[in-house]
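> Take a look at this one; I'll ask things after.
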Amino acid sequence: MSASSDFAVGRPVYVVREGELDLAAPPEVAWSHVMNLTAWQNFKKFEHVSGPVGAEGELQAMLKDEPGSGKTPYFARTALLEPGKRIVWKLVREAPAPGDPALAVVDFSLTPTPEGSRFRYATFYECVTTDGDEHDWARQRDTYHGNIRTLINTVMPKLQKLVKDATA
C-alpha cells in the first residue's frame, strides 16, 4: 500500500471531544432537563422509531438544526441508561453525505456537587470524507473538528441556562 492510497475516498476523520460544565441543580432535578434534548438543541426531526420509549434499546430518528451539525438525518440508539446518572447513545447515518459524521458515540453523565451537578460529556465521531489528496483530507479534518467544536459550544450553554432558569 502506498502512502497516497491512504487518502482514497472514504478515509475517515475521527473527532473526540469531552468536557464538563456545572449545572445549578442536583442530578435528580437536572436529569430531566438533560434528557429533554429538544429544549436545549434545535431539531428538524426527532421521532421515536422502535424499542421501549425512554429505555435502553430505544431507536430515534433525528436531524439537528444547529451550527456544526450534519446535513442528513441520523438514528440514535440508547445503548446504556442509568436514570439520573448516565446515558450513552450510538448514532449512525444510513447514507452520510460528505460533511456528516457517519457514526458517533455520545456519553452524558451527571454527578452531584455541593452547588448542584457536574454534567460530563464525551463524544466520538467518525466522519466521512470525499476523494482528495492529503491536503484536501487535512482541510476536511480541520472542518470536522471545527464543526463539532461549534456544535458543542452552541448547545452546552443552552443546557446550562435551561437548568439555571428552571431552578431560579
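The values are calculated or read from the model by the stated rules, or taken from the named source; none is laboratory data. Given the structure is predicted, the values throughout are model-derived calculations rather than measurements. Counting neighbours? That spans all protein chains shown, and the Cβs are built from the backbone with ideal geometry, glycine included.
> Check ALA79 against each of (1) under 15 Å from the mean Cα position of the chain (by Cα); (2) part of a loop (DSSP other than H, G, I, E, B); (3) at pLDDT 95 or above; (4) not hydroxyl-bearing (Ser, Thr, Tyr) and name the one condition it does not meet.
With (1) under 15 Å from the mean Cα position of the chain (by Cα); (2) part of a loop (DSSP other than H, G, I, E, B); (3) at pLDDT 95 or above; (4) not hydroxyl-bearing (Ser, Thr, Tyr) applied to ALA79, the lone miss is (2).
> Separate question: Go through LEU151, LEU159 for me and flag whichever is within 16 Å of TRP40 (Cα to Cα), modelled with pLDDT of 90 or more and crowded, with 17+ Cβ neighbours inside 10 Å.
LEU159
> Suppose the filter is within 19 Å of ASP107 (Cα to Cα) and modelled with pLDDT of 95 or more; does TRP89 pass it?
yes
> For segment 119-168, give me the residue count where each residue is of a type in the set (Gly, Ala, Ser), part of a helix (DSSP H, G or I) and in contact (Cβ under 8 Å) with a residue 12 or more places away in the chain.
Summing the residues that are of a type in the set (Gly, Ala, Ser), part of a helix (DSSP H, G or I) and in contact (Cβ under 8 Å) with a residue 12 or more places away in the chain in segment 119-168 gives 2.
> Examine segment 128-144 for a residue that is aromatic (Phe, Trp, Tyr), farther than 18 Å from THR38 by Cβ and in contact with a strand residue (DSSP E or B) (Cβ under 8 Å, 6 or more places away or on another chain), and state whether such a residue exists.
yes
> Restricting to segment 133-148, and then to whatever is surrounded by fewer than 17 Cβ atoms within 10 Å (Cβ to Cβ) and closer than 18 Å to GLU66 by Cα, can you tell me which residue is modelled with the lowest pLDDT?
Restricting to residues being surrounded by fewer than 17 Cβ atoms within 10 Å (Cβ to Cβ) and closer than 18 Å to GLU66 by Cα, the top hit is THR143.
> May I pose another question? Within segment 12-38, which residues are hydrophobic (A, V, I, L, M, F, W, C), assigned to a helix (DSSP H, G or I) and out of contact with any Gly (no Cβ under 6 Å at 6 or more places or on another chain)?
VAL29, ALA30, VAL34, MET35, LEU37
> While we're on this one: Quickly run through segment 92-132 and pick out the residues that are at pLDDT 90 or above and farther than 15 Å from GLU18 by Cα.
THR111, PRO112, THR113, PRO114, GLU115, GLY116, SER117
> Still on this structure: Being under 30 Å from GLU134 (Cα atoms), at pLDDT 85 or above, out of contact with any Leu (no Cβ under 7 Å at 6 or more places or on another chain) and aliphatic (A, V, I, L, M) narrows it down to one residue among VAL15, VAL9; which is it?
VAL15
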